[in-house]
Amino acid sequence: MDGTLKVKLLKTLDAYSAFCDAHGLRYFSAYGTAIGVIRHKGFIPWDDDVDVDMIREDYDKFPSIFNACTTNPDLYCELWRDKNAPATCILKIKHRKIKQAFIDIFPHDFYYTNARGKDKIKLNKKQFAI
């Protein structure tokens, strides 16, 4: 991935992150993005997107909130379906002018904790961030 695309992806990620923080939406880095942060201290050199997970409750409401409230007219969210695997569908944040700068958003339906009672409720409300 060239440096120009990395900068554009980072700007798109910054806009996504700021939007989620402003609206109390929980998300965290995932897949190639998480591996890149740990192994490469940034992007995986051959990766061309950003991957995030979003807690299902927030994932379900995200597209309508984002498309109605984003202050960046170049960004929009849409449901994307894999033509080769029609059961695979995720959300994508896309840039109207830069086709290669996008974020894949995957639903996160569960996570484990050993906590019980009020501690578990408190942990499950914790916001994850990149």
Go through segment 90-109 and count every residue that is open to solvent by 50 Å² or more (accessible area, probe 1.4 Å) and over 19 Å from residue 9 (Cα atoms).
1
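Please go through segment 1-53 and give me each residue that is of a type in the set (D, E, K, R), over 10 Å from the mean Cα position of the chain (by Cα), farther than 19 Å from residue 98 by Cα and assigned to a loop (DSSP other than H, G, I, E, B), ordered by number. Walk me through it before giving the result.
Taking segment 1-53 first, the residues of a type in the set (D, E, K, R) are 2, 6, 8, 11, 14, 21, 26, 39, 41, 47-49, 51, 53.
If we keep only those that are over 10 Å from the mean Cα position of the chain (by Cα) as well, we get 2, 6, 8, 11, 14, 21, 39, 41, 47-49.
Now restrict to residues that are farther than 19 Å from residue 98 by Cα: 21, 39, 41.
Once the filter is applied, which keeps residues that are of a type in the set (D, E, K, R), over 10 Å from the mean Cα position of the chain (by Cα), farther than 19 Å from residue 98 by Cα and assigned to a loop (DSSP other than H, G, I, E, B), segment 1-53 yields only 41.
So is residue 57 among the charged types (D, E, K, R), part of a strand (DSSP E or B) and modelled with pLDDT under 95 or not? Explain how you work it out, then say what you get.
Numbers: among the charged types (D, E, K, R): yes; part of a strand (DSSP E or B): no; modelled with pLDDT under 95: yes.
When the stated conditions are applied, residue 57 does not pass them.
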Only residues that are open to solvent by 30 Å² or more (accessible area, probe 1.4 Å), touching a residue at least 40 places away in the same chain (Cβ under 8 Å) and either touching a helix residue (DSSP H, G or I) at 6+ places or on another chain (Cβ under 9 Å) or on the phi > 0 side of the Ramachandran plot (or both): list them for segment 47-73, please.
48, 65, 69, 70, 72
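If you take the residues in segment 74-86 that are part of a strand (DSSP E or B) and open to solvent by 100 Å² or more (accessible area, probe 1.4 Å), which one is modelled with the highest pLDDT? Quick ask: steps written out before the conclusion?
Applying the first criterion (part of a strand (DSSP E or B)) to segment 74-86 yields 75-82, 85-86.
Narrowing further to those that are open to solvent by 100 Å² or more (accessible area, probe 1.4 Å): 79, 81.
Values: 79: 91, 81: 87.
Filtering first and then ranking leaves 79.
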All-but-one check, residue 112 against (1) outside any loop (DSSP other than H, G, I, E, B); (2) open to solvent by 90 Å² or more (accessible area, probe 1.4 Å); (3) at pLDDT below 90, failing number (1)
Residues in segment 87-104 that are over 19 Å from residue 33 (Cα atoms), touching a strand residue (DSSP E or B) at 6+ places or on another chain (Cβ under 6 Å) and not in a strand (DSSP E or B): how many?
0
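I'm checking my understanding of the structure. Among residues of segment 13-55 that are hydroxyl-bearing (Ser, Thr, Tyr) and out of contact with any Cys (no Cβ under 8 Å at 6 or more places or on another chain), which one is farthest from residue 70 (Cα to Cα)?
From segment 13-55, those hydroxyl-bearing (Ser, Thr, Tyr) are 16-17, 27, 29, 31, 33; that's our starting set.
Adding the requirement that they be out of contact with any Cys (no Cβ under 8 Å at 6 or more places or on another chain) leaves 16-17, 29, 31, 33.
On the way: 16: 9, 17: 12, 29: 21, 31: 25, 33: 23 Å.
Among those that are hydroxyl-bearing (Ser, Thr, Tyr) and out of contact with any Cys (no Cβ under 8 Å at 6 or more places or on another chain), it is 31.
The values are calculated or read from the model by the stated rules, or taken from the named source; none is laboratory data. Worth saying up front: this structure is predicted, and the values here are computed from it rather than measured. Glycine gets a Cβ as well: all are built from the backbone with ideal geometry, and neighbour counts include every protein chain shown. We work out accessible area using only protein heavy atoms, side chains counted, and drop any ligands, DNA or RNA first. Shrake-Rupley method; radii C 1.70, N 1.55, O 1.52, S 1.80 Å.
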